[in-house]
Each structure stands twice: as C-alpha cells, then as structure tokens.
Amino acid sequence: MPLIAVEGIDGAGKSTLCHGLYKEISKKLPVILTYEPTRGVYGRKLRERIKEGNISPQEEYRLFMLDREEHVRNVIAPALSQGKIVITDRYFLSSCAYQGARGLDYARICEENLRFPQPDLVILLDLPPELALSRKSSKEEHFENLNFLKKVREIYLEVVKKHRNLVIDARSPAEEILKKALEEIKKCLRG
Ligand code: TYD
C-alpha cells in the first residue's frame, strides 16, 4: 500500500486535507494518519528548542532526522508492512525545504533521506507565502518570515519533481483540493 506525504508551507491547509483524506479512505481501506514532527522524544525536544530560538540549522536537521528515524521505525514501517495506506502530514521533503532554506544543501538532504521509505506520492499544497502568512495569526515565528518562506516554497517545487507528485493550488476550495488528491491516490493504487 502506498506511502503518501502531504507537504507545503505552514498555512497551506495540510491538516484539513489530511483529515479529509483519512475520513474518505478509511471508509474503504486500512489507512493511518501520522505527522512530523512527532510527539516522540526528539519531536518534543525540537519544538522546545525551536521555541527557545538559538538552534543552528545543523542541530535542527539532526533532531528532525532522529525524529524521522523513530517515526519510520515505530509507525510508518509497521503500518506499511501490515498493508495499510500511510498518510503523513510532512515527511523528509520538509527537511529539504526548511533546512535547505536555512542554508543547508537540500540535494544532500534528499540523498541522506534515501535510507527511509520513499513516498509513492507527494501531494504539495502550493501557495504564495504572502497568503500563507495572512492565514496565520502569529507572524514572526521561527519558520514564518516572508523571505524564508519564499525559499522554502522554491525548494519544495524543485525537490517534489524527484517523486511522483501532485502539486495543488492551495487557494482552491477545500472540497476541490480533497477531490483532486483522492483521484490521484486512486490512480496510485491502480499502479
Ligand atoms: P508543524 O507541521 O507546524 O507542526 P506543529 O504544528 O505540530 O508544530 O511543523 C513545525 C515546523 O517544523 C514547521 O514550520 C516545519 C518545520 N519542519 C522542518 O523544518 N523540518 C522538517 O523536517 C519537518 C518535518 C518540519
């Protein structure tokens, strides 16, 4: 069964789409919905360190990788081997885009993440960062300034090409986004 990663900048509507997908797919097929950063040891540490500020891109990347390792081992790999569809709200393309935008080499991040199960489909919710920021209430968070998000978006649009992908204009109505995503997942299930 496929591993589906939903990606996009904050405010693009990933969580609405993920919940919609889960609700529809679970009517017919075994599926789990999961996310990164997780609520595990490293995910919690990451949120703390990010809130404090002063974390280097290298340290951030190291913690996201540790979190992912745990996520794959405890959640993703077992679900896939039980024949479940896995939908993950963020996966390693987030590391390419965000840590890449913080100055790390995103091509290298993609390579280093080849050791994890590769997504069978990446759904990228694409939207101009100006709009994403206006959708969020807190405007000056760690990962939320305009120039930074522009870079994140650029890298996303580049790295997504390495995977089977569906790029959706996140300005579309939620029902339309869900419909497009479900159609692509059906195609993916047919092979
Ligand atoms: P987010 O999806 O907003 O989680 P939550 O709402 O539970 O805090 O993710 C938090 C931030 O982490 C988000 O701005 C993107 C960033 N991030 C990375 O920088 N690299 C990664 O590899 C991942 C998975 C997330």
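Kindly give the semi-axes, whole Å and largest first, of the ellipsoid equivalent to the chain, taking each as the square root of 5 times a Cα gyration tensor eigenvalue.
25, 20, 15
Relative contact order of the chain: 33 percent, from C-alpha pairs under 8 Å at least 6 residues apart in sequence. Taking every DSSP helix (H) stretch of at least 4 residues in the chain, weighting each as -39,500 (n - 2.57) and dividing the sum by the residue count yields a mean residue ellipticity at 222 nm of -14000 deg cm²/dmol. With the cut-off at under 19 Å, measuring from each backbone N in the range 1-37 to a point 7 Å along the Cα-to-Cβ line of E70 picks out 33-37.
Using a cut-off of 29 Å between Cα atoms, the listed pairs K162/K186; K14/K51; K45/K187 include K45/K187 as exceeding that distance. Taking N as the residue count of the range 45-142, its C-alpha radius of gyration divided by 2.2 N^0.38 Å amounts to 1.19.
Looking only at L178, L131, L93, which one moves most when the chain is put into a Gaussian network model with springs between Cα atoms under 10 Å? Greatest mean-square fluctuation among the candidates belongs to L131. Where a ≥ b ≥ c are the square roots of the eigenvalues of the C-alpha gyration tensor, would you call the range 97-191 rounded, which needs a/c under 1.5, or, failing that, prolate if a/b is larger than b/c, or oblate? It comes out oblate by the Cα gyration axes. Report the trypsin sites (Lys or Arg not before Pro) located in the range 100-191 that are in a DSSP loop and have at most 11 other Cβ atoms inside 10 Å of their Cβ, or state none. Listed in order of number, the matching sites are K139. Shown here for the range 99-191: chymotrypsin sites (Phe, Trp or Tyr not before Pro) in loop regions (DSSP other than H, G, I, E, B) with at most 15 other Cβ atoms within 10 Å, namely F143.
All of the numbers you see were taken from the coordinates with simple rules; none came from a lab. Quick caveat, the model's predicted, so the values are computed rather than measured. With ideal geometry, Cβ positions are generated from the backbone for all residues, glycine too; neighbour counts draw on all protein chains shown.
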